[in-house]
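The values are calculated or read from the model by the stated rules, or taken from the named source; none is laboratory data. Remember, predicted model here, so these are calculated numbers, not experimental data. Here the Cβ positions follow ideal geometry from the backbone for every residue, glycine too, while neighbour counts run over all protein chains shown.
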């Protein structure tokens, strides 16, 4: 079993190697206490208590974030969390087939999402509801996926936000190809250059697709930010069962920069992502960001996290809540009063009510919709399958389409 100290040391080989042995509860707690802030290499601009930490390297990337802008980031996180909680409740009530919670990861998603320019492209997995929100995707369109009525109806080119990807890590290859295209078409090289960002979890770093993406992006200097939301658990497996080193250090083996940021610090996530995107825009190749955060809820609504993690761990991370640290900073610095916080909460409740009304009144699609838009041109084989399927449904007495 590896020592907890290994995970905060910036150089490889400084501690014993991780093994596949299951950690004891005591070891899990010890490791948590050592790594809960991400180690000495963590980039942080707002502490859990809401205190501002100066950074010579990253302060220039958030020089435009005054109290008004920070209130906007706070509002984003509150609305997204409220929508997430309402969606979780609707799944429990049978209105959604499944839900993938983002609770605890709002800062990583809002901070990185707000760093993107309109010409950039984002490739999500299936948990990036906050990033979708920052890209102007109507949250109601996300819910159609989880109600099983569609595959995502937004215009991904207009929003710069690719459809959700369910296959673990596959979006990284898609993003790599897209970023290579940006490079081949000469869309990089200055401040007006384009860039791509792709999101994945710590568990996806064990998938071959992610490593292939690393290789191709490095070889072709693709303008691609690999954004890993390390929420400590790949479903039921802790991160230390997957890697001997902190995940951001893996970039070293592929020849491009890696950095670890406090994923519960929206200001740091904004600054670091802006920095990484700037590197990409100027043709300097890919960057790996490890956002060190925590999944406060289940992996999905089909998962029971109490079977594999300790309540002590959850309580520890509640003290690092991404929304509360911004609230504390604004309140302490005079950037917002109670009336503002009450207004945002009321807006969030209204947002949730509108989502709920939409889902409860969402019409079921006609049965032949599944055959729509499968191919760009009509297909005789597909048309034959459609006719056969509709004839099968008509064979039931009183069937309704």
> If only one of 167, 215 is part of a helix (DSSP H, G or I) and assigned by TED's automatic domain parsing to the domain that holds residue 239, which one is it?
Replying inline: 215
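Matching residues to (1) at pLDDT 95 or above; (2) not assigned by TED's automatic domain parsing to the domain that holds residue 149:
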residue: 351; (1), (2): yes, no
residue: 356; (1), (2): yes, no
residue: 385; (1), (2): yes, yes
residue: 396; (1), (2): no, yes
> Mind checking which residues of region 152-185 are under 23 Å from residue 365 (Cβ atoms) and in contact (Cβ under 8 Å) with a residue 40 or more places away in the chain?
Replying inline: 161, 162, 164, 165, 166
>> Of the conditions (1) at pLDDT 90 or above; (2) outside the structural domain of residue 51 (by TED's automatic domain parsing); (3) surrounded by fewer than 11 Cβ atoms within 10 Å (Cβ to Cβ), residue 307 satisfies every one except a single condition; which number is it?
In response: (2)
> Out of all the residues in region 236-258, is one or more surrounded by 24 or more Cβ atoms within 10 Å (Cβ to Cβ) and closer than 16 Å to residue 195 by Cβ?
Replying inline: no
>> Tell me the residue from 382, 310, 314 that is touching a residue at least 40 places away in the same chain (Cβ under 8 Å) and either under 22 Å from residue 108 (Cα atoms) or touching a helix residue (DSSP H, G or I) at 6+ places or on another chain (Cβ under 8 Å) (or both), please.
In response: 310
>> Checking the structure you have, find out if any residue of region 268-283 is outside any helix (DSSP H, G or I) and either more than 18 Å from the chain's Cα centre (by Cα) or at pLDDT below 95 (or both).
In response: yes
>> Just to check your reading of the model, which residue among 347, 383, 388, 316 is surrounded by fewer than 16 Cβ atoms within 10 Å (Cβ to Cβ), assigned to a helix (DSSP H, G or I) and under 23 Å from the mean Cα position of the chain (by Cα)?
In response: 316
